[in-house]
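Undergrad: Shown below is the structure under consideration.
The values are calculated or read from the model by the stated rules, or taken from the named source; none is laboratory data. Not measured: the values here are computed from a predicted model. Here the Cβ is made from the backbone with ideal geometry for all residues, glycine too, and neighbour counts use every protein chain on show.
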Amino acid sequence: MLSCLTRPTGLRQNRPLIVGLKLADDPRMSEETKDESVQLSSLAQLRDEIRVRVHLAQLDAKDKWAELETQLESLEHRVTADGGSVLGATAQLAREMKQSLIDFRQRLSE
């Protein structure tokens, strides 16, 4: 758990000066304190794992968004080249693009 260094003589005795972590294998630690130390350690490990996963999710989302934007720009260019009409294959691409954007938005909300 936590150990405290005390202030030098002449100052208030037995008052915490610096707080630091004790190692779980310290023979002075009780079993209860060791359990608390293990719990704190597992919480820190979970926190670190979640940070990594959030970071990776952000990267994946950015990659997917870049892909969708490229597809959307391509579709916009195609519609412009076709004189602004969305017919046939272009209309199908537009419907698929819309669904992809809706799905992506939904995944961002989860």
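Undergrad: Within the set of pairs 6+ apart or on separate chains, which have a first residue in the range 87-110 that is free of Cβ contacts under 8 Å to residues at least 60 places away in the same chain, a second that is surrounded by 11 or more Cβ atoms within 10 Å (Cβ to Cβ) and not in a helix (DSSP H, G or I), and C-beta atoms under 8 Å apart?
TA: Here the result reads THR90/ASP82; ALA94/VAL86, each pair linking the range 87-110 to a residue that is surrounded by 11 or more Cβ atoms within 10 Å (Cβ to Cβ) and not in a helix (DSSP H, G or I).
Undergrad: Residues of the range 40-91 being surrounded by 11 or more Cβ atoms within 10 Å (Cβ to Cβ) and either more than 26 Å from PHE104 (Cα to Cα) or outside the structural domain of ASP103 (by TED's automatic domain parsing) (or both), which ones?
TA: Within the range 40-91, LEU40, SER41, ASP82 meet the criteria.
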